[in-house]
Every structure is written in C-alpha cells, then in structure tokens.
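Structure first, commentary second.
Please treat every number below as a calculation from the coordinates, not as lab data. Note that the structure is a prediction, hence the values are computed from the model and not measured. With ideal geometry, Cβ positions are generated from the backbone for all residues, glycine too; neighbour counts draw on all protein chains shown.
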Amino acid sequence: MDTDYSLQDVLRCHLCETPGPPMYCAICDKYLCKACEVDHLSDQSKEHKVVPFEKRVYTLKCQKHSSKICEHYCEQCEIPICATCDSSEEHHGHKFIDIAKTMDNKKEIIQKDLQELEKSIYLKYQEIASIIPVQKSALNENSQKLTTEIDKHGEDLHREIDTIIINMKSNVEDMDTKHLAVLDKQEDEIKHTISEITQTIAELKTLLDSNDVSRVCAYKSKNDEFRRLPPKHTVSLPSFTPQKINKEQLYQQPLIDVPRIITQIYTKYVGLRSVSCLSDEEIMWTCGGDKILRLYNLSGKLVKSVQTKSGNRPQDIAVTRSGDLVYTDYGDRTVNIVKNKKIKR
C-alpha cells in the first residue's frame, strides 16, 4: 500500500477538517485542503512554504533560520541550507545541490553500501570466523596427541627425566596458551566487527526507509573500514619426535616447529662453488665461478677479497682452526694458505 495515500486516509485539513488534504505548509507544519490554502497564505504575519502533500518528505526547517525551509545542500559544509543561507557570506563560493537530489544520491550510496555489506563483506567475516573453531579444535587434538606421545616416551625414562617431561608438557601448554590467546583475540575482534556490521546493516535499512533529511544527509559510509579484512591467523602445529634415550640429550628435546631460514647471504658469484666456516659464529670464506675468494661475515657484509695466486678459478677451500684460508686452483698442484688476521665483527 502507498504510504502517502494511507496517510491521507486518516489526515485532515488543520483548518476545516476536510479529509485527505493535498497540500502541506512546511513552515507551519499544517496539512491544508485547496480551499484553505489561499486563506493560510493570506496570513502575512509570517512566511509560508506550501508544497504538494507528496513532497512534504523532503522538507526540513533551517537550523539557523527557523522560518525557512532547506532547499539546497552545501557540498563544502555538508549540511542542508535555506535560501537565506545560500546568499550568506558563510557559504560564499560554495557549491549547492537541490535537497531532493541530495537525498536521492545519498540513498543510492546507502543502497550500495547495504548491498555490499550483506552480499560480500558480512559473508567474508563469517567465513573467517568459521575457520577459527576448526583451528582451535585441531590445536586441541594435536596438543592431546603430543601429550600422549610425551607420556609414552616418559615411561621409558628414569626419575632424572621427570622434571624434563613436566617441562615439555608445560611447553605444549604454553604454545596452546599463546595460540589460543591469538585465536581468541582475533575471534573476539571478528565477532565485534560482525556485530558492528549487523548494527550498520540495520541502521542503513532504517535510513533507506527514513525521510529524515538531517540523518540521511549526515550519513557517512563505513564500508571502507569494513573492507579491510583481518589477516587469517595460521596455527603452526608442532610435532614430537622421540629419540634414543641419552642422558645428555634429555635436556635437548624441544617440540619441533616448522624449519625456517634464519639468514640469507647473497654473494657476487654467478655460481657459488664452496663455503667454509670456522664455526657457527665465525665469518665464512666463499668461492665460485671467478678467480676471487671472498670473505663474508654472518650479516652478509663483504669483509675481504683475495685473488688466486695462479689467476685460475679456485677448486676448493677450507679454513684452519686459527682462521687461515686454505685453497687449491684448477691446473695448479700446490695448496695455498692465506694468513688471516682475526677480524672484528
């Protein structure tokens, strides 16, 4: 049923009680029949703004001039304004748009935002939220498996390893706590955002049905914020690998996570042939497809370059305990030793 006509069934002229008044005075907020319109306008003690009944939905009294109706929307100030405001110094040089057109434009934006929230953004958040319980379940199952394996392995150990077994279980619990904290935090954030989206959807639907010019014109889209989806947290599930019981190794059985590269050093060789280090913490010598041997520190910085004595490519390299470089060349029967002073790192 058309809302306007249903209202006319119950509304009456404020002056003569004639049902279904076709006119409306936005200044006086009175419904008028055609006969009373002339009498109403004849009262020159105040201004009047009489419009057809169906256009009353786009009328709004000016906040600064209560006797005026807002007919335009100021783009710079982002507010509805009346004709008096149009010519004021405050809005000098500003761009004005018809208030009805502004309402239509704003509702079009609201409709698009509502559609995106309902058909896309909301569904993506739901998808992410649905993954978290699965990850939590897998984390719990894996933790139970690890605990069982640790218990079984612990049965083969003597009293001296009891403390270590407890510590290993504690590590599992710590990892659970760490991962669950992240997952719980993300789940809470996503649920909060979903709640915000749900509330926004309801508000947008209300705005679409609303004829409140102030609220509709004041609408600001939040879709840009909702489009920034949260990252999907990936839980790395460790595994437990039992080893042959060794007293020295009992203190070196951590839960194994996914192997990872901790450092990458890029050399200048087209083809790297050999690398030799004095220790895990010492600098390294390298050789490749040219006649230069290069010394790098573990941060990847080139420390020293040495050219082979024969001018040929080096065939192999080694480093002595004292840090001296030993190398052989292609086509040369000699073993070359380069004394290397200790380099400060």
**OP:** For helix 99-116, report the angle its Cα long axis makes with the longest principal axis of the Cα atoms of the chain; keep it between 0 and 90° and round to the nearest 10°.
**Re:** 40 degrees
Original post:
Considering the alpha-carbon set of the chain alone, what are its Rg and its Dmax in angstrom?
Top reply: 39.9, 123
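What pairs from Lys124/Lys232; Lys119/Lys232; Lys124/Lys222; Lys61/Lys205; Lys136/Lys178 go past 18 Å between their alpha carbons?
On the way: Lys124/Lys232 11 Å; Lys119/Lys232 20 Å; Lys124/Lys222 16 Å; Lys61/Lys205 24 Å; Lys136/Lys178 12 Å.
Going by Cα-Cα distance, Lys119/Lys232; Lys61/Lys205 fall outside the 18 Å limit.
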Subject >> Cα Rg, Dmax (largest Cα-Cα span) when computed across the range 274-338, Å >> reply: 11.2, 34
Original post:
Amide H to amide H, which residues 5 or more places from His72 or on other chains are under 5 Å from it, using H placed in the peptide plane?
Top reply: Ile81, Ile99
**OP:** Can you tell me the order of 131-143, 64-76 when each peptide is scored by its average per-residue count of other Cβ atoms within 10 angstrom, highest first?
**Re:** 64-76, 131-143
**OP:** Mind putting a number on the dipole of the chain about its Cα centre? Charges go on the C-beta only, +1 for Lys and Arg and -1 for Asp and Glu, and I need it in Debye to the nearest 20.
**Re:** 2500 debye
**OP:** Evaluate the distance, in nm, between pseudo-label points positioned 7 Å from the Cα of Gln126 and of Tyr219 along their respective Cα→Cβ axes.
**Re:** 2.3 nm
**OP:** Enumerate the residues in the range 215-231 having an amide nitrogen under 15 Å from the point lying 7 Å beyond the Cα of Lys185 toward its Cβ.
**Re:** 230-231
**OP:** Between Asp174 and Cys16, with labels modelled 7 Å along Cα→Cβ, what's the label distance in nm to one decimal, could you check?
**Re:** 9.0 nm
Subject >> Positive-end residue, the range 128-251 charge dipole about Cα centroid, Cβ charges, pick of Val213, Asn167, Ile128 >> reply: Val213
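Relative to the present Cα-Cα distance, how much length would full extension add between Ser239 and Asp39 at 0.36 nm per residue of separation? Walk me through the numbers on the way to the answer.
Numbers: separation 200, 0.36 × 200 = 72.00 nm, distance 9.00 nm.
Difference between extended and current length: 63.0 nm.
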**OP:** Measure nothing but the geometry: give the 0 to 90° angle between the long axis through the Cα atoms of 122-154 and the longest principal axis through the Cα atoms of the chain, rounded to 10°.
**Re:** 30 degrees
Original post:
To the nearest 10 degrees, how steep is helix 162-208 against the longest Cα principal axis of the chain, on a 0 to 90 scale?
Top reply: 20 degrees
Subject >> Projected label distance in nm at Ser195 and Asn140, using a 7 Å step from Cα toward the beta-carbon >> reply: 2.3 nm
